[in-house]
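Accompanying notes for the structure given below.
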Amino acid sequence: MLFSLAPRMIEAAEPVQYPNEVQVSVLLSSNFPMLLDGTYELHNIDNNSKTVIPQNTNLSVKSDSTGITVSYPGFSKKAKNGFNLRELKGSKKLAIFNSTTEMRRGASTSYEVVKTFKSGESADYNFSFTNGSGELWYNVTSGSSTGWILSKTATLSEVPSLAIAKVNNNLSYRGSFYLDPNGSQVQLINKLDMEDYLKGVVPSEMPASWNMEALKAQAIAARSYAANMMMLTSTAASQVYRGYTAETTRTNTAIKETTGLMVKYNGKPIQAFFHSTSGGKTANVGDVWNSDQSYFPYLVSVPDPYEKAPLSNWSETFAASTIVQKFGFSSNAQLLNITLDKKGVNGEVRGVTVQTSEGTKTITGNENVIRKLFPLNNSSVYNMLYSNWFDIADLSKSGGSVSVQTSSGSMTLDDLKGQTVQTSSGRITLSDSKVSIQTSNGIITNEGSGISSITLEGKGWGHRIGMSQYGAKGFAENGYTATQIITHYFKGTTVSK
């Protein structure tokens with residue numbers, strides 16, 4: 001006699017819902033693979049169709065102006081509006097259908113069909129049963145329905161406790177993804193819980209070997225920063241995020257021991273900015289980003305007594321030709337003088353003026369504008385000056401001074417431009433220092449006395465707003481707790497969930 005068996009109660013496999021979801025843009029490309037070490041559901045946003053992707057599937061993602069194509073052997077789908085790739089959790093095993101499949105009330109084709117599945121869909125596997133005809137049937141659950149399917153119509157797949165996707169940027173990520181059309185490219189957005197996101201941030205922003213209290217301070221600051229952002233990037237434009245690949249036991253511990261803790265001002269999470277090195281004092285946000293200081297009372301300059309870092313103090317020399325071209329003058333322009341407008345509370349530079357043989361120009365702006373005026377050939381420091389806290393240490397001249405005879409005697413001039421001289425055609429005013437001069441030994445050419453190079457001396461690396469990471473390390477090594485570190489750098493704040 002054939003009969004239906006009552007299924008065992010198990011938790012159904014469902015797309016994971018994140019208690020505190022964070023979205024991070026991790027890749028922009030027209031063509032890339034994804035190796036899925038886990039079970040995912042592919043949701044086509046155009047038609048709402050859903051397909052379960054088996055474990056260890058090499059997924060190919062391609063884009064053109066008409067949409068995104070996702071494929072693997074035997075499967076290919078296209079969507080103009082993109083796809084959601086959602087990790088599945090719950091069931092220990094899934095039945096993934098390899099053809100159109102009927103689910104019946106009992107383990108025989110004589111039983112009523114209660115639901116029909118399409119190829120690529122799935123149901124939670126409960127257990128197996130061989131009927132009197134020797135047919136192997138699977139008992140499965142889909143939503144509120146439970147029934148039987150022939151085993152040959154489905155493949156069983158384990159659902160691991162941890163789903164990891166490896167992308168062609170050689171990084172692996174927890175969580176789910178949104179494949180978002182972006183012109184002819186795909187923007188890959190990683191969606192996951194805040195605490196898992198931090199596991200890829202903290203070791204990317206601070207060495208895992210540093211003092212545990214410093215790591216905890218970094219976790220609290222990074223969590224607060226992310227809480228204020230709608231969309232994050234994986235680079236220093238937000239905070240560096242290298243996903244599951246970056247995770248370490250020590251930094252995961254620091255995150256776990258600070259779960260949910262954020263920096264707050266008047267009870268609300270703040271924009272907890274941080275940087276590598278302050279140079280001895282952090283900066284007022286208004287002196288670095290030209291922000292209205294009254295909106296950020298917690299982002300003010302504080303002393304950094306324990307900071308010891310490679311770039312606490314630095315010196316760099318630049319060719320004059322490099323600087324004049326940054327100001328829009330030709331490479332032949334002669335640099336005659338350079339001055340700084342140091343309006344910051346610590347002497348941060350807010351403007352730079354150059355005088356050249358082609359004219360005078362002043363550029364003002366935030367720290368990013370000022371630092372880019374002095375390019376460094378070093379991508380690890382983003383090819384620009386370390387900070388906007390600096391001064392001019394030396395101006396090297398390209399030519400010597402000139403002694404001239406006047407009606408009142410001999411005098412020395414560093415620059416002939418603007419001087420009035422007597423010629424055979426009458427008195428003229430020199431418009432340039434590059435002139436030919438008759439001497440008792442013949443005619444000589446003076447190339448002028450412009451500047452050949454500029455040496456700057458400065459302090460710190462980064463915007464210098466908020467928490468200094470090297471400073472936090474120093475505080476931790478001197479016995480300060482993570483909360484004490486945070487409240488030192490962010491004035492008037494508290495740390496709480």
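A short reminder: the numbers here are calculations on the coordinates, not readings from a lab. Since this is a predicted model, take the numbers as computed values, not measurements. So basically every Cβ, Gly included, is an ideal-geometry build from the backbone, and we count neighbours across all protein chains shown.
Assuming R0 = 25 Å, what is the FRET efficiency of M231 and T481, from their Cβ-Cβ distance, to the nearest 0.05?
0.20
Quick check on the stretch 80-152: take the gyration tensor over C-alpha atoms, sort the square-rooted eigenvalues as a ≥ b ≥ c, and tell me if it's rounded (a/c under 1.5), prolate or oblate.
prolate
To the nearest 20 debye, what charge dipole does the chain have about its Cα centre, counting +1 at the Cβ of each Lys and Arg and -1 at the Cβ of each Asp and Glu?
600 debye
Would you mind getting me the FRET efficiency between T362 and N56? Use the beta-carbon distance for r and R0 = 60 Å, nearest 0.05.
Working from the Cβ atoms, E equals 0.50.
Quick one: Kirkwood hydrodynamic radius for the stretch 281-406, alpha-carbon pairs, angstrom, one decimal?
Answer for the stretch 281-406: a Kirkwood hydrodynamic radius of 16.4 Å.
Identify the GluC sites (Glu not before Pro) of the stretch 91-193 meeting these criteria: DSSP loop state and at most 11 other C-beta atoms within 10 Å of the C-beta.
E112
Using 1/(1 + (r/R0)^6) with R0 = 25 angstrom and r between the beta carbons of V345 and A393, what's the FRET efficiency to the nearest 0.05?
For V345 and A393, the calculated efficiency is 0.75.
Tally Lys and Arg at +1 and Asp and Glu at -1 over the other residues with C-beta under 13 Å from the C-beta of F327: what net charge comes out?
+2
Mind giving me the nanometre distance, one decimal, between the label points for S29 and T100, set 7 Å out from Cα along Cα→Cβ?
Rounded to a tenth, the inter-label distance reads 3.8 nm.
Sticking with the crude label model, points 7 Å out along Cα→Cβ, report the distance from N47 to L136 in nm, one decimal please.
According to this spin-label approximation, the distance is 3.2 nm.
How large is ³J(HN,Hα) for each residue in the stretch 50-61, as worked out from phi by the Karplus curve 6.51 cos²θ - 1.76 cosθ + 1.60 (θ = phi - 60°), to whole Hz, x for Gly and Pro?
Result, ordered by residue: 10, 9, 7, 9, x, 4, 6, 8, 8, 8, 9, 10 Hz.
How many percent of all Cα-Cα pairs in the stretch 53-209 sit more than 28 Å apart?
38 percent
What nm distance separates the two modelled labels at V113 and N313, each placed 7 Å from Cα along Cα→Cβ?
8.3 nm
Explain nothing, just compute: Karplus ³J(HN,Hα) = 6.51 cos²θ - 1.76 cosθ + 1.60, θ = phi - 60°, for every residue of the stretch 115-124 in order, whole Hz, x for Gly and Pro.
Karplus values, whole Hz, x for Gly and Pro: 6, 10, 10, 8, 4, x, 7, 9, 9, 6.
Which residue, A107, G471, N81, has the largest displacement toward the positive end of the dipole of the chain when charges sit on each Cβ (Lys, Arg +1; Asp, Glu -1)?
Of A107, G471, N81, it is A107.
Across all directions of projection, what mean area in square nanometres is found for the Cα convex hull of the stretch 189-283?
Convex hull of Cα atoms, orientation-averaged projection: 6.6 nm².
Quick check on the chain: take the gyration tensor over C-alpha atoms, sort the square-rooted eigenvalues as a ≥ b ≥ c, and tell me if it's rounded (a/c under 1.5), prolate or oblate.
prolate
Per the Debye formula with a single identical scatterer at each Cα and no solvent contribution, what log10 I(q)/I(0) holds for the stretch 147-232 at q = 0.24 Å⁻¹?
With no solvent term, the Cα-only Debye profile gives -1.24.
For the stretch 15-157, calculate the relative contact order in percent as a whole number, restricting contacts to Cα pairs under 8 Å that are 6 or more residues apart.
19 percent
Quick one: which residues, 5+ away or cross-chain, put their amide H under 5 Å from the amide H of A163? H built at 1.01 Å from N.
Result for A163 returns G175.
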